[in-house]
Structures are given as structure tokens and as C-alpha cells.
């Protein structure tokens, strides 16, 4: 492929990512909070919290994610890497 096509593709991806980020500002804040929780928690803290029921705020967020498939997809795309890496490091997933 020529450099022009790669440059156009890079611009298109950047614009799409920027629009997606701007589309759900509250979801982005929640996703960043989830990522921060996993990055700043020890494995012991994550194991202890694993069996506890979600709080009121978490239930509200879950309701929003259930009602909007596009927002849910963006949320999972944003948190999946950091959260899954931490869970793997802690032995929570094989």
C-alpha cells in the first residue's frame, strides 16, 4: 500500500476513536474508574471483592450498559486489556 493510503487510514481511525470517546463521556469516566480500581488494587483486594454483590452505583451503570449495546461495546473495548491483564496476573482467569 502506498503511504497516502496508510496516512488516510490513520486519520480515519483517529477521527473514529475521537468521536467514539466524545460520544460517551460519562461511560469513559466510569471505564477509567474501573481501570484505575484494577490497577491500584492488590490481588488480595480483588479476590475479596469478587464475591460481593454490586453496589447501587455499579447496578446503575450495569443498567445503562444493558440498555445501550453500542455503549456496552465501547466500555468493554476500553477496559478489557487492563482488567484482563490484572485478572490474569492475580490468577483469576487461566
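The values are calculated or read from the model by the stated rules, or taken from the named source; none is laboratory data. The structure displayed is predicted, hence computed values, not measured ones. Please note: Cβ atoms are built from the backbone with ideal geometry, for glycine as well, and neighbour counts cover all protein chains shown.
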*asked:* One residue is enough: does the stretch 50-58 have a residue meeting the conditions more than 22 Å from residue 92 (Cβ to Cβ), in contact with a helix residue (DSSP H, G or I) (Cβ under 8 Å, 6 or more places away or on another chain) and without any contact (Cβ under 8 Å) to a residue 24 or more places away in the chain?
replied: no
*Here are 66, 37: which of them is farther than 17 Å from residue 92 by Cα and under 16 Å from the mean Cα position of the chain (by Cα)?*
66
*Within the stretch 6-28, track down each residue that is surrounded by fewer than 10 Cβ atoms within 10 Å (Cβ to Cβ) and either touching a strand residue (DSSP E or B) at 6+ places or on another chain (Cβ under 7 Å) or at pLDDT 50 or above (or both).*
22, 25
_Yes/no for residue 82 being out of contact with any strand residue (DSSP E or B) (no Cβ under 8 Å at 6 or more places or on another chain) and touching a residue at least 40 places away in the same chain (Cβ under 8 Å)_ = yes
*Within the stretch 39-50, is even one residue surrounded by 10 or more Cβ atoms within 10 Å (Cβ to Cβ), at pLDDT below 90 and not in a loop (DSSP other than H, G, I, E, B)?*
yes
